1. For ARG73, enumerate residues with amide H under 5 Å from its amide H, sequence gap 5+ or separate chain, H modeled in the peptide plane.
2. In nm, give the distance between the simple-model label positions of GLU133 and ARG117, each being 7 Å from the Cα along the Cα-to-Cβ direction.
3. How much length would be gained if the chain were fully extended between TYR164 and GLU5, taking 0.36 nm per residue of separation minus their Cα-Cα distance, in nm to one decimal?
4. Per 5 Å bin, what percent of the C-alpha pairs of the range 98-244 does each bin hold, from zero upward?
5. Using θ = phi - 60° and the Karplus relation 6.51 cos²θ - 1.76 cosθ + 1.60, list the HN-Hα couplings for the range 179-192 in order, rounded to whole Hz, with x at every Gly or Pro.
6. Could you pull the Rg and Dmax for the range 170-241, using just the Cα atoms, both in Å?
7. Treating the beta-carbon of each Lys and Arg as +1 and of each Asp and Glu as -1, no other charges, what is the dipole magnitude of the range 151-201 about its Cα centre, to the nearest 20 debye?
8. About the Cα centre of the range 106-196, what is the dipole size in debye to 20, counting +1 per Lys and Arg Cβ and -1 per Asp and Glu Cβ, all else neutral?
Amino acid sequence: MTIAEAAVDEAVAWLSTAGEEWSAARFKASGEEVTAADIEVESRVTRVLAARTPRIPVVGEESSAAGGPLPVRCWLLDPIDGTTNFARGAPMYAVSLAYVQGGVPLVGVVHAPALGRRWTTPGRPNDARPLAEDLGHAVVGVSGTGSARGDIRRFLDRVQDEAYRVRKQGSMALDLVGVAEGWLDACVCIAPQPWDVAAGVALCRERGRAVLGAGGAEFTFDSPVLVAGAPGVAQGLADLWGRG
């Protein structure tokens with residue numbers, strides 16, 4: 001078992017026994033929801049990582065300021081990606097943990113406790129389903145749309161018009177898992193934070209999926225959008241974003 005998996009195991013074991021009082025949501029200053037479980041999971045995972053890899057800092061959603069520069073190497077943790085789902089008893093949420101070096105996710109673990117599923121690198125890339133090669137036949141997951149207005153709303157309308165189907169699961173990590181596994185042909189993550197997507201990016205790239213940012217370049221954490229899928233579909237989605 002890897003260090004990353006051992007840390008995630010600590011969180012998942014605790015979540016399996018946590019009572020409903022841990023899922024009561026409140027709003028952060030950013031307008032996003034958070035629960036006591038988010039904070040507890042982050043604490044538990046961080047303790048394991050600090051004990052096992054004391055020289056590698058943990059950058060977690062609930063304890064780190066958005067927008068700051070990342071250390072050269074670090075763990076990136078979203079303790080519960082899909083908090084809104086978790087707080088309402090919906091199953092589409094996940095613990096997402098990645099090891100990142102030089103801005104590149106090298107290790108990823110995504111665990112969905114309510115689904116009883118885990119995805120890791122290294123995984124089984126040859127088992128991934130083939131993806132649609134054109135946007136008109138693609139099922140596209142979309143996330144990060146809660147306050148979409150103006151240009152973003154117009155972009156989403158274009159995706160809706162051109163894709164075969166659009167799905168909104170409420171978790172960037174699980175949208176990226178969907179592309180990695182092939183039950184989504186592509187995904188769009190708007191305004192992704194590094195901890196939202198790092199593990200999923202590692203999973204997608206291991207399976208040969210294109211992961212692009214604004215302008216169609218390889219995705220980096222400073223991009224306002226992430227698109228993933230087969231190369232042609234990912235490029236098509238990046239082009240739609242570029243229309244403004």
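All of the numbers you see were taken from the coordinates with simple rules; none came from a lab. From a predicted model like this one, the values you see are computed outputs, not experimental measurements. Methodologically, a virtual Cβ is constructed for each residue, glycine included, from the backbone with ideal geometry; neighbour enumeration extends over all protein chains shown.
1. Here the answer is GLY102, since their amide H atoms fall under 5 Å of that of ARG73.
2. In this crude spin-label approximation the distance works out to 2.6 nm.
3. On the way: separation 159, 0.36 × 159 = 57.24 nm, distance 3.56 nm.
Residue separation times 0.36 nm, minus the Cα-Cα distance, leaves 53.7 nm.
4. 2, 11, 22, 26, 21, 12, 6, 1, 0
5. 5, 4, 7, x, 8, 10, 7, 7, 8, 10, 10, 9, 6, x
6. 10.3, 27
7. Numbers: 6 positive and 8 negative charges, 30 e Å.
Computed charge dipole of the range 151-201: roughly 140 debye.
8. Numbers: 11 positive and 11 negative charges, 66 e Å.
With Lys and Arg at +1 and Asp and Glu at -1, about 320 debye.
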